[in-house]
Structures are given as C-alpha cells and as structure tokens.
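Remarks on the structure that follows.
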Amino acid sequence: MDNTRLFQEHIDEILTATEGGVTSRDPEVVQSWLRCINDHSLDPEHKGEARIVTEAVLKEHQQEAEDLLTTARFGMEDLYRRVKSMGYVLLLTDAKGVTVDFIGDEKVDRQLKRAGLYIGSEWSESNAGTCGVGACLSTGEPITIHQTDHFDMAHTPLSCTAAPIYRSNGTLMGVLDVSLLISASEKYSQALTLEVVKSCVRRIELANLMSARKKDWILRLNTAPEFLGVDANSAISIASDGSISGMTHGAHRMIADTLGTNWKSNDGFIGKPFEDVFEFDFNDLPYMVGAQTPGEQALEMRDGKVVFADVQAPPTPSKISKPKELSNVLNMIHGGDPAMERLVHHAARVVDKQISIILEGETGVGKEFVAKALHEARKKKGPFVAINCAALPEALIESELFGYAPNSFTGAHAKGKKGLIEQASGGTLFLDEIGDMPLALQARLLRVLAERELRPVGATKPVPIDMRVISASHRSLKELVENGQFRQDLYYRLNGVVLQIPALRDRHDKNWIIRQISSLVSHNSTLKFSKEAEEALRSYHWPGNIREMINVFELCMALSDGAMVDLGELPDQFQK
C-alpha cells in the first residue's frame, strides 16, 4: 500500500471518529483528535516537521525547570539502563511540552533529532497534535500514543508512552516520555512500558517530596503492606502542626477520593489537617516509626479504606507534640510481665485503628478480658458485643449473628430481630473461638467485613455497619488454614495484627495476678494466703490458666470464711 493511500486513510479515520463514527481507537485518542480540530484548529492533512526551539529558548525552559531536572535525572538514568536494549529513548519535558532533558542512542542521533525525539523538541498538543507528551499534558493522565494514534501523519512511525510528573503541591511539573523511533509491535505491547514509566515517575515524585519537605514527617503509603519498602504507590508529608504540607500525585488522588472531590480541582489539600483525611491522631505518629507488622502500619481513612504507612520522622521530631502515654486501661492488664508489656506496646499502636486483631492463647488466659481492655482504650466509644462461636447452636447461629427481617420464617418475631453483628456497629465485635465457626458462616462473615454491610435473614436490603473486629482462638488460625479447617481469605481479612497472650505459668507477674483475682472474688474484701500457700500458688502449673485461678480462689473464699488460707486448705492438686 503506497504512502498516499495510507495518508488519506489516516485522514478519513480522524474525520470519521471526530464526527461520531465507529472507530477502534481508544477514547483518549479520539478526545485528543477532537481537541486538535476544535480547540487547536489543526489540519489533519498537514504534515508538520518536529519543532526544535532555539538554544536560547531551551536555556530559559531549563532554568525554569531546574528542580525537575535535578530530581528526575537519576530516575531517568536508572530507567534508561533497563530499556536501552529495546531501542527506547527518554524525553523529559516541562509543563509546556518543551524537552529539557533527553537520553538516547548516539548512533541514531540524526534520526532522533529529525523525528523530534531530542532535547529542545516541543511536543505540546497545540503544536504537534496528538502525541504522548501533548495528550498527557492535556489530560494529566499517563497514556500511550502508538503509531497511527498520532494526529500528524509525520509522527505515525513513533510509539510514545508518557506519564505526568506532579509537584508536591499537586500542580503539574512536567512529563516523562519513553518513545520508540520505529515500532512494528501492536499497541498492547506497550502496556508493560506504561507501568514501568509510571513506577519511575512515582520514585521521582517521592524524591522531590522528600527533598522539598526535609523537616516534615514523611508517610510512604501502599494498599498492600508487602510492597511498602519496594514501591510505595503514594506519599504525603505532614508539618509539625499536623497539617498536610505536600504529597505525590497518587496521594493527591487518594485524598480526593476519600473526601469525595475531583482531583483535578486541586482545591486546597495542602494545609488540610491530617485528621480530616485519616481516622488517626497526628500525635500518635511516633508510635508508627519502625513498625513492622501490617496492623502497626495500618491507617484508616475517613471513608473507611485502610492503607499501610512506612513513617519517617523529621530530623527534629521534638518540635511536635510528644506521643501520649499508653492508655491506663491497657496498662492495667498486667503487673510488669515482659511478654504482656510487649503485647500492650503493640496494642497501643493499633488501638484506635479499624484494623482487625487476633488474640491467640491457651484456653482460660483471659482473651475476652484483653479484648474488653482494647475496646475501653479506644477514643471512639461504642458497644462491645462478644460472641462465643463455639457455644452458638449451628441451627441458630445465622439468625443470631445476622438477625432477621419481620416474619421472615416460621416462629420469627413480628418486628424482626437485630443480629449481634449489627448490634456491634459503631463499636467492637469480639468473636471468641472463631476457629470453631462453620465454614458456611465464615463465607458470610467475610462478605460482611469486605463490604461493610450485612443482609439479615429474609431482608431485601443490606444494612451498613461500621465496627472493629477482634477475634480469639486457643488454636493457631494459621494452622487451621493450612489444614483446610478455616478459610484463608477470612484469615487474611482478620489478620491485621496478632497478639499472643502468654499462659499463666509463664507469667512473671503472678504476685500481681494473685492480688487482682483475690480482690475480684472477694469483692474488694480481704482474701489472704499463708506464705506456704502463696508459694504453692506461684509454683503451680495452672493448666486452666486464669480461669482456673478464679475458680480456686472462689472455692477458698467460700471455705475460709474470712480467715487466712493455709496450704492444707488449698485443693488437692496444690498439696504436691
């Protein structure tokens, strides 16, 4: 097919598409063609040579883009090492479309310059028509313009993949473009190239943010904790007064989505209080420095979404408020035992987050007691609803958990019944012995946690819920998953952070526990033990843990009638 016929077919396709005709082109390409004709008055029949600005004009653009050039160069060099063998060249343009930096193969230097893939080339849509840089600048979105996607027939041998670079205040800074001088591949072959370019741009924006906000807190964010240290998909900086001072473009879009605004409006995210976007106290950020587990890294946003943060403190963190002391409620669950101190330290990091918690420990170690302490320590108050999954009859568990609509089945109450899960909305749902929940109910619970709504038995409309879930099991849920006895997807939904409660025999604060339980069973009167009895209590193995100790002390209280309890008055198992 001769060039004249190709040229005419290209013109005909542009005119057909822009007049509303059927086309296989991507919508972004058609929109760019429309802008070329309607906004820029470009003629599809005109073949335009690449425009190269003069050295004086180029110098002016480079001086204005000095910050961009300094930040982006290292990222460009790293990217070029990865794509050089495939024939790509790299263009860095400013926000006006002028190429202020370039990396390419010197062997084809003359061909690149003729094609406009060279320093000083001007690729704005109003000048060059539909192209990678121009369309990217017009939309603010990453894009690939492949061969005949180009408006100007002179550029159709090229394949251009471009991504915008934004300043830390949310304004457009420039474009990184990766182009092929001649590409015979289909357009879908550039999909991976687009992801590589976007990844490079994220690193450039992060470097720019960290350079511009050196005295602020930096939060690298990702929706998956596993990738935080590899490729954070967004980042924000927080000033010492708790206000947002800068962000990458990914964070800009995330905040806009959370607040229900258009990211293109750029309506004053800078200066907005941290707590307007995140359900988290800014003064608690020091607790997240060095966090290792997903639960400790989790941040809940105002719309309920959860992201994970790697927090970097400023050089002088003393200028901001000191982190608050650990909640007295949490400090009151132990008497100095090192394992319990670690548990409280980890719990303090997540106590005010919506992240799910798993409590593991032997039967009787006080998992519900710890769950109640976690609930009471929260700033956000609400109901505490405990469900023993092992004790509910299987025939009733569905209606008990999810409730039912009025007259939904024979014997149902005429007004219906609110289920235990819905009763916990606004507070904490404690699922004791979650490992004993039937698999069919696990699937329904997973949907509730994923969609934040439930459908009562017999109801036609879902009910929205908002709660934090604490699960407990005397068996390892991870082992139950490996044995096929527990749903893996539900385990990952519940597994925000795992807190291991030590057995009573391993605790170093037995004297404190003895005093606490003595006061509990005697209703604050005095239950005293002789020296020999106390020694027996401390050295006993306690297979039933704290639950067993409560039972023993209640027996002693009933038999002692207020007198001191001697060794001989303890149950038989203590006489050994």
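The values are calculated or read from the model by the stated rules, or taken from the named source; none is laboratory data. All values reported here derive from a predicted model rather than from experimental measurement. Ideal geometry is used to build each Cβ from the backbone, glycine not excepted, and the neighbour counts take in all protein chains shown. Protein only, heavy atoms only, side chains kept; ligands, DNA and RNA dropped before computing areas. Shrake-Rupley method; radii C 1.70, N 1.55, O 1.52, S 1.80 Å.
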Computed FRET efficiency, Cβ-Cβ of D284 and D26, R0 41 Å: what is it to the nearest 0.05? 0.35
For region 73-154, build the convex hull from the C-alpha positions and give me its volume per residue in Å³. 102 Å³
In the full protein assembly as shown, how much of K528 is accessible to a 1.4 Å probe, in Å² to the nearest 10? 120 Å²
Answer with one residue from F369, L520, Q8: the one whose Cα lies farthest towards the positive end of the charge dipole of the chain, charges on Cβ with Lys, Arg +1 and Asp, Glu -1. L520
Over region 211-297, what is the relative contact order in percent, taking alpha-carbon pairs closer than 8 angstrom and at least six residues apart? 21 percent
Return one quarter of the surface area of the convex hull spanned by the alpha-carbon atoms of region 499-576, equal to its mean projected area, in nm². 5.1 nm²
How big is the Rg/Rh ratio for region 168-259, C-alpha atoms only, Rh by Kirkwood, two decimals? 1.06
Let me see the pair-distance distribution of region 376-484: every alpha carbon pair, 10 Å bin width, integer percents in order. 14, 45, 32, 9, 0
Which order do you get for Y88, Y492, Y118 if you rank them by accessible area with a 1.4 Å probe, largest at the top? Y492, Y118, Y88
Kirkwood hydrodynamic radius (Cα pairs, Å) of region 428-570? 18.6 Å
Under unit Cβ charges (Lys, Arg +1; Asp, Glu -1), what dipole magnitude, rounded to 20 debye, does the chain have relative to its Cα centre? 1000 debye
What pairs in K215/K272; K353/K510; K305/K478; K198/K272 have C-alpha atoms more than 20 Å from each other? K353/K510; K305/K478; K198/K272
Given charges of +1 on the Cβ of Lys and Arg and -1 on the Cβ of Asp and Glu, with all other atoms neutral, how large is the dipole of region 1-87 about its Cα centre, in debye to the nearest 20? 400 debye
Go through Y540, Y188 and list them by solvent-accessible area, largest first, probe radius 1.4 Å. Y188, Y540
Give me the extension gain from T156 to R73: residue separation times 0.36 nm, minus the current Cα-Cα distance, reported in nm with one decimal. 27.1 nm
Carbon/sulfur accessible area of region 50-114, % of total, 1.4 Å probe, equals 47 percent
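Give, in nm to one decimal, the length gained when the segment between K272 and Q488 is fully stretched (0.36 nm per residue of separation minus the Cα-Cα distance). All intermediate terms of the calculation are to be shown ahead of the outcome.
On the way: separation 216, 0.36 × 216 = 77.76 nm, distance 3.90 nm.
Gain on stretching K272 to Q488: 73.9 nm.
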What aspartates and glutamates sit close enough to K84 to cross-link, taking a C-alpha to C-alpha distance under 20 Å and skipping anything fewer than 8 places away on the same chain? D101, D105, E106, D109, D177, E186, E195
Name the residue from C36, T23, L69 whose Cα lies farthest towards the positive end of the charge dipole of region 22-70, charges +1 on Cβ of Lys and Arg and -1 on Cβ of Asp and Glu. T23
Counting helices only, and only those DSSP H runs with n ≥ 4, report the 222 nm mean residue ellipticity of the chain as the sum of -39,500 (n - 2.57) divided by its residues, in deg cm²/dmol to the nearest 500. -10500 deg cm²/dmol
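In whole percent, what relative contact order does the chain give with Cα contacts below 8 Å and a gap of six or more residues?
Numbers: 1028 pairs, mean separation 50.5, N = 576.
Computed over the chain, the figure is 9 percent.
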Cα-projected label distance for D466 with K381, points at 7 Å along beta-carbon direction, nm: 1.7 nm
Semi-axes of region 52-108 from the Cα gyration tensor (sqrt of 5 times each eigenvalue, largest first, whole Å) come to 22, 14, 8
For a Förster distance of 60 Å, can you work out the FRET efficiency between the beta-carbons of T54 and E453, rounded to the nearest 0.05? 0.45
The extension gain from A212 to E535, computed as 0.36 nm times the residue separation minus the Cα-Cα distance, is 110.0 nm
Let me see the P(r) profile for region 7-148: every Cα-Cα distance counted, bins of 10 Å, each bin given as a percent of all pairs. 11, 37, 35, 15, 2
As I understand it, the dipole of the chain uses +1 on the Cβ of Lys and Arg and -1 on the Cβ of Asp and Glu, about the Cα centre. Which of G336, S476, P225 lies farthest toward its positive end? G336
Simple Cβ-charge dipole of region 422-576, Lys/Arg +1 and Asp/Glu -1, about Cα centre, in debye nearest 20: 600 debye
Spin-label point model (7 Å from Cα, Cβ direction): what's the D39 to E66 distance in nm? 3.2 nm
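Between A224 and D561, what FRET efficiency follows from the Cβ-Cβ distance if R0 is 51 Å, with the result rounded to 0.05? Can you show the working numbers first?
Working: r = 61 Å, r/R0 = 1.20.
The computed FRET efficiency comes out at 0.25.
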Compute the long axis of helix 367-376 from its Cα atoms, compare it with the longest principal axis of the Cα atoms of the chain, and write down the angle in degrees, 0 to 90, nearest 10. 60 degrees
Roughly what would the spin-label model give for E341 and F7, points 7 Å off Cα along C-beta, in nm? 8.3 nm
For the chain, what is the percent of antiparallel DSSP beta bridges, rounded to the nearest 5? 70 percent
Once Rh is set to the Kirkwood radius over Cα pairs, what Stokes-Einstein translational diffusion coefficient, in µm²/s, holds for the chain at a temperature of 4 °C and a viscosity of 1.567 mPa s? 45 µm²/s
